[in-house]
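Here the structure is laid out as structure tokens; the discussion comes afterwards.
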Amino acid sequence: MKKSSFVTMLLGTVSGVLFALGMCMALIPEWDSFRPGVVLGGAGIFLGMATVILWRKMEGRRPVHISGKTVLTIAVGIAGALALGVGMCFTMVWGRMVLGILLGLAGILILLCLIPMTKGIKD
């Protein structure tokens, strides 16, 4: 295993755990730790972004180029993930099965649109 892969795996795992724990702290009312959860979740996001930058530097790649296509791709990914998550909440938390399934399927379709957006369609 290359050094860059190991470092990326380690930092990615730590950032994911920090983000997940922070979101649990912020969103579970019984824990009564909203502010520390937001701080911990923000630290996870920051460490995740730093991991991407560090990995690209260790691999000798150029920094990520921010363009209109990049921003649109990120926006579509966020919209698809939110639609899928809200559909799951409708189904499992709020007991609205049909609406939840429809929203979840819409989220999956939006996420599937990312493949042709990023890779393109070829013959």
Requested in this report: Could you look through region 101-123, keep only residues that are in contact with a Ser or Thr (Cβ under 9 Å, 6 or more places away or on another chain) and of a type in the set (A, V, I, L, M, F, W, C), and pick out the one that is surrounded by the most Cβ atoms within 10 Å (Cβ to Cβ)?
Outcome: Leu103
Report summary line: Residue count, region 46-100, condition surrounded by fewer than 13 Cβ atoms within 10 Å (Cβ to Cβ) and closer than 14 Å to Leu111 by Cα, comes to 4
Query raised in the report: Can you pull out the residues in region 52-74 that are β-branched (Val, Ile, Thr) and closer than 13 Å to Leu11 by Cβ?
Result: Val52, Ile53
Query raised in the report: Are any of the residues in region 48-59 in contact with a helix residue (DSSP H, G or I) (Cβ under 8 Å, 6 or more places away or on another chain), touching a residue at least 24 places away in the same chain (Cβ under 8 Å) and among the aromatic types (Phe, Trp, Tyr)?
Result: yes
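Do you know which residues across region 60-85 are of a type in the set (Ser, Thr, Tyr) and touching a residue at least 12 places away in the same chain (Cβ under 8 Å)?
Thr73
Values in this text are rule-based calculations from the coordinates and carry no lab data. Predicted model only: the values in this text are computed from it and were never measured. Neighbour counts are summed over all protein chains in view; Cβ atoms, including those assigned to glycine, are modelled from backbone coordinates with ideal geometry.
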